[in-house]
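The values are calculated or read from the model by the stated rules, or taken from the named source; none is laboratory data. Note that the coordinates shown come from a computational prediction; the quantities given were computed from them, not determined experimentally. Don't worry about glycine lacking a Cβ; one is built from the backbone with ideal geometry, like all the others, and counts go over all protein chains shown.
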Amino acid sequence: MSPSTTAKVIKPAAHARRRGFSITKTIVFVIFGILLVTQLYPLLWLLIYSFKTNEEILSGSFFSLPAVWQWSNYTSAIESGNYWRYLSNSVLVTSVTMISVILLASLAAYAISRFRWKYGQLVLLAFLLGMMVPLQATLLPLMLIFKNLDILNTRLSLILPYIAFQTPIAVFILSGFMKTIPQEIEESGIMDGASVYRIFTSIVLPITVPPIVTVCILAFINIWNEYILAATFISSEKLKTLPFGVNSFVSQYSVNYGAIGAFLVLGALPVILIYFLLSEKITKGMVAGAVKG
C-alpha cells in the first residue's frame, strides 16, 4: 500500500474520532449549561423579586423586571427586620459551633483512624448512624431535656444540637483523610520524643487543613440556614437568628413581600460569597476525605 493510500485510510478514521469527540463534548457542555441555568435561575429570580413592589409581585409577572427598582426594600430589611441583631446572633452561634465541631471531630477522627483499639470501628459506626437520624425526630426529646436543664431559650439550646448534628459528617470526612497519612511521619515524631498530643497538634492537624476547611464550610452552610431548631427552642427576640427576620415583615393584615426578598438576599449573601471563594477547597477536602479513605 502506497503512502498516499495509507493517508487516505487514516484521515477519515481520525476525522471520525474528532467528530465523535466533538459531539460528546457538545453534549456535555449542553448538560452542564442546563444545570448551571437551573441553579442560577432561582438566585436571579430572588434578586429581581427583592426590587419589586407588592403590586408587581402579586400580579404574577415573575419574569418581568420591576418598573422602578425599589431600593427601599433593602432599607426596610436592614432597619425594620433587625438585620444586624439577627446577623450577630447567627455569627456567634455559627462560630462557636464550628470551633467545637472541629475540636471534637478532629480528636475523635484521630483516635479512630490512627489508634488500634478494640472499639474503634464500632465508634465510627455510631457516628455514621448519627448521620441518619432525622432532625425532626429529636425536637420533642430535646425540648424536654433542655427544659429540665433550664437552658431552653438560650444560645446553648441551639449550639448543643448543632454540634451533635454536624459532628458525625465531620468525623467521617476527617477520619477518611487521616487514614491516608503515612505512619512514618508519626514514627519519626515518636523517635524525636514527641508525645501523642504534640504529634496531633504539630503534625496531623497541619496536614489535615484541607478537609478541616471542608468541614467548616459545610457546617457553616447547614447552621446558617437552619430554622426548625431555632424556631422551636428560641422565643426571645434578642436571641433569634437570621432566618427569623422573614417573620418581621408578616403581620396579621399585610405582608411586605419585597422586603422579605431583600432580607433573603442579604441572608444568603454570606453563604454564597464564602462558597464561591472556597469552593475549590471544599471539593479537594471531600475527595481527600471521602474517596481516598
*Say whether the condition of being in contact with a Gly (Cβ under 8 Å, 6 or more places away or on another chain), crowded, with 20+ Cβ neighbours inside 10 Å and in a helix (DSSP H, G or I) is met by at least one residue in region 218-237.*
no
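Looking for whichever is surrounded by 14 or more Cβ atoms within 10 Å (Cβ to Cβ), assigned by TED's automatic domain parsing to the domain that holds Val215 and part of a loop (DSSP other than H, G, I, E, B) here; the options are Thr154, Thr138, Thr97. Which one fits? I'd like the intermediate steps shown before the answer.
Working: Thr138 fails: part of a loop (DSSP other than H, G, I, E, B); Thr97 fails: part of a loop (DSSP other than H, G, I, E, B).
So the residue among Thr154, Thr138, Thr97 that is surrounded by 14 or more Cβ atoms within 10 Å (Cβ to Cβ), assigned by TED's automatic domain parsing to the domain that holds Val215 and part of a loop (DSSP other than H, G, I, E, B) is Thr154.
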_region 36-59, residues that are over 15 Å from Phe263 (Cα atoms) and either of a type in the set (A, V, I, L, M) or not in a helix (DSSP H, G or I) (or both)_ = Leu36, Val37, Leu40, Ile57, Leu58, Ser59
*What are the residues in region 146-204 that are touching a residue at least 12 places away in the same chain (Cβ under 8 Å) and on the phi > 0 side of the Ramachandran plot, if any?*
Asn153
*Pull up region 180-209, narrow it to residues that are of a type in the set (Ser, Thr, Tyr) and either assigned to a helix (DSSP H, G or I) or not assigned by TED's automatic domain parsing to the domain that holds Phe115 (or both), then point me to the one that is farthest from Ala111 (Cα to Cα).*
Ser188
